[in-house]
Amino acid sequence: MVGLFNIGLVPGRTYMYPKDLTSLGVAYWLGAVFIIAGIMSILAGRFSSICLVGFAAFVNIVGSVFAIVAIALNAKDLADAPAIRMCDLYIGRSYYGDCEHVAYYVQRLLTTMDITMIVLAVLQLCVCISFAVLGIKAVVNRQKEEGDVEDQQQQLNAVLLTNPCA
């Protein structure tokens, strides 16, 4: 869901300055990473093999790193989004006051959208970290169980070979 929000909402932002969130195309690759992390988590839960669960844990670790990047980039855009600069072209004209009024609403919209995306990125960070921890625990526990089964089979063979009734 967070990936879809990134792909759906962020490209609709206005282009404010070079190298902002819109001009870098950040929304597309962040959204893709978040969607892939979600799909891998669902697949690992549905078809739980050691390889798939381990890969899903790795993808969720990468997703948590990119969630931190998303938080930082959205916070930077939140701090650097003065919409009043759009009105600089209208200085001295009669509709400059209307432009300031519209710029105020645009500023509020951008601020709300940035805060929403920061909250969603924090949510994505929490989910990715929890799934990565659960995936790593599952892989470690499964490897211990397989090691226990092999040890039990070796002990069973030793008991059967030393048992006089066998």
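With the condition kept exactly as written, say whether any residue in the range 12-33 is at pLDDT 70 or above, over 20 Å from Ile129 (Cα atoms) and aliphatic (A, V, I, L, M).
Within the range 12-33, one or more residues are at pLDDT 70 or above, over 20 Å from Ile129 (Cα atoms) and aliphatic (A, V, I, L, M).
So, in the range 37-51, how many residues would count as being more than 9 Å from the chain's Cα centre (by Cα), part of a helix (DSSP H, G or I) and touching a residue at least 12 places away in the same chain (Cβ under 8 Å)?
Of the residues in the range 37-51, 5 are more than 9 Å from the chain's Cα centre (by Cα), part of a helix (DSSP H, G or I) and touching a residue at least 12 places away in the same chain (Cβ under 8 Å).
Take Asn60 and tell me if it is modelled with pLDDT of 90 or more, assigned to a helix (DSSP H, G or I) and in contact with a helix residue (DSSP H, G or I) (Cβ under 7 Å, 6 or more places away or on another chain).
yes
Scan the range 107-137 for residues that are buried (at least 18 other Cβ atoms within 10 Å of the Cβ) and among the hydrophobic types (A, V, I, L, M, F, W, C) and report the count.
11
The values are calculated or read from the model by the stated rules, or taken from the named source; none is laboratory data. As the structure is a prediction and not an experimental result, all values here were calculated from the model. Using ideal geometry, Cβ is built from the backbone for each residue, glycine included, and neighbour counts are taken over all protein chains shown.
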